[in-house]
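The values are calculated or read from the model by the stated rules, or taken from the named source; none is laboratory data. Remember, it's a predicted structure, so these values are computed and weren't measured experimentally. Glycine also receives a Cβ, built like all others from the backbone with ideal geometry; neighbour counts cover every protein chain displayed. Note: accessible area is taken over every heavy atom of the protein model, side chains too, but ligands, DNA and RNA are not part of it. Shrake-Rupley method; radii C 1.70, N 1.55, O 1.52, S 1.80 Å.
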Amino acid sequence: MCPGGAGGARPGRLTRVPPRSAPVPVPAMASKLLRAVVLGPPGSGKGTVCERIARRFGLQHLSSGQFLRESLGGGGEAGALAQQYLERGLLVPDHVITRLMMAELEKRREQHWLLDGFPRTLGQAKALDGICQLDLVISLNIPFETLKDRLSARWVHPASGRVYNMDFNPPHTQGVDDLTGEPLVQREDDRPEAVAARLRKYKDAAKPVMELYKSRGILHSFSGTETNKIWPYVYTLLSSRIPPVLPEEEH
Ligand SMILES: Nc1ncnc2c1ncn2[C@@H]1O[C@H](COP(=O)(O)OP(=O)(O)OP(=O)(O)O)[C@@H](O)[C@H]1O
Ligand SMILES: Nc1nc2c(ncn2[C@H]2C[C@H](O)[C@@H](COP(=O)(O)OP(=O)(O)O)O2)c(=O)[nH]1
């Protein structure tokens with residue numbers, strides 16, 4: 001586990017994806033802090049599962065994609081560099097994303113955390129090894145057709161990263177964010193024609209990362225077509241490592 005550092009956790013810029021209602025904070029008083037990662041292709045439900053874990057277990061949910069999208073407008077050097085890659089649907093170079101993520105994780109040395117979207121390459125996994133020892137890696141295996149259907153029905157609230165799906169978790173009012181009333185948008189790269197290429201790229205980069213974590217005995221894979229069916233198993237796994245602050249059933 002990563003050791004806790006001196007001094008309290010400072011607020012940082014890394015996205016703590018806002019859940020639909022405020023999570024119950026867990027004081028990081030345990031001597032061991034949970035370090036977890038959720039892996040899975042675009043549309044596999046990483047964001048959905050992470051948001052549930054964050055709420056039930058009081059973890060910080062850190063999404064690299066959402067963080068990058070937010071950094072773009074910040075005027076910083078890293079944000080400007082990242083923008084060129086995001087616009088082309090390419091992975092941001094390891095040294096750029098790694099620097100950003102390491103800086104943010106350093107600010108959260110005293111909190112339990114859960115990463116979504118990072119590490120995505122072997123280079124990133126090795127950089128993460130340099131600052132902590134992961135306890136748990138959750139991998140979501142979802143069939144391709146299901147991914148395509150989900151992404152084409154995904155709508156997001158850009159400012160907060162809140163995600164809706166017209167079948168699974170629709171907003172109260174069509175096209176509008178539940179909390180702010182602001183309009184929802186569809187991501188360009190969620191178009192069916194963009195999805196196949198994204199999935200191929202994901203697989204190539206993720207394979208060695210999965211093999212690394214499997215060889216360490218910390219990889220837990222969950223397969224299925226419905227998040228609600230996978231969720232109880234994920235909840236049980238997490239419960240074996242950290243006490244829940246909310247019961248499983250409360251979605
Ligand atoms: N770990 C990372 N390494 C390199 N680039 C990243 C990383 N995380 C995010 N990005 C960049 O940010 C973009 C958006 O990331 P995000 O995780 O939101 O989307 P995705 O993985 O393409 O899809 P999904 O959110 O559906 O899983 C990626 O296309 C990539 O350009
Ligand atoms: N129909 C259906 N849709 C689901 C299910 N689980 C998640 N979704 C939706 C929510 C999103 O709109 C979309 C992708 O989920 P996400 O959590 O954004 O995935 P990810 O891209 O972060 O991995 O699919 C599910 O089990 N069924």
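Quick notes on this structure:
- Test: residue in region 45-66 that is over 22 Å from Met210 (Cβ atoms), free of Cβ contacts under 8 Å to residues at least 24 places away in the same chain and charged (D, E, K, R): no
- For region 99-133, the tally of residues that are closer than 27 Å to Gln84 by Cβ, more than 8 Å from ligand 1 (Cβ to nearest atom) and part of a helix (DSSP H, G or I) stands at 14.
- Every residue from region 72-98 that is closer than 28 Å to Leu34 by Cα, open to solvent by 60 Å² or more (accessible area, probe 1.4 Å) and part of a loop (DSSP other than H, G, I, E, B): Leu91
- The set of residues from region 55-69 being in a helix (DSSP H, G or I), open to solvent by 10 Å² or more (accessible area, probe 1.4 Å) and more than 16 Å from ligand 1 (Cβ to nearest atom) comprises just one member, Arg55.
- Any hit, region 114-123, residues being in contact with a His (Cβ under 9 Å, 6 or more places away or on another chain) and without any contact (Cβ under 8 Å) to a residue 60 or more places away in the chain: yes
- Elements of type strands (runs of 3 or more DSSP E) contained in region 134-251, each with 1 or more residues being more than 11 Å from ligand 2 (Cβ to nearest atom): 136-141, 154-157, 219-223
- Positions within region 150-159 being away from ligand 1 (no atom under 13 Å from the Cβ) and either in contact with a helix residue (DSSP H, G or I) (Cβ under 9 Å, 6 or more places away or on another chain) or of a type in the set (A, V, I, L, M) (or both), in sequence order: Ala159
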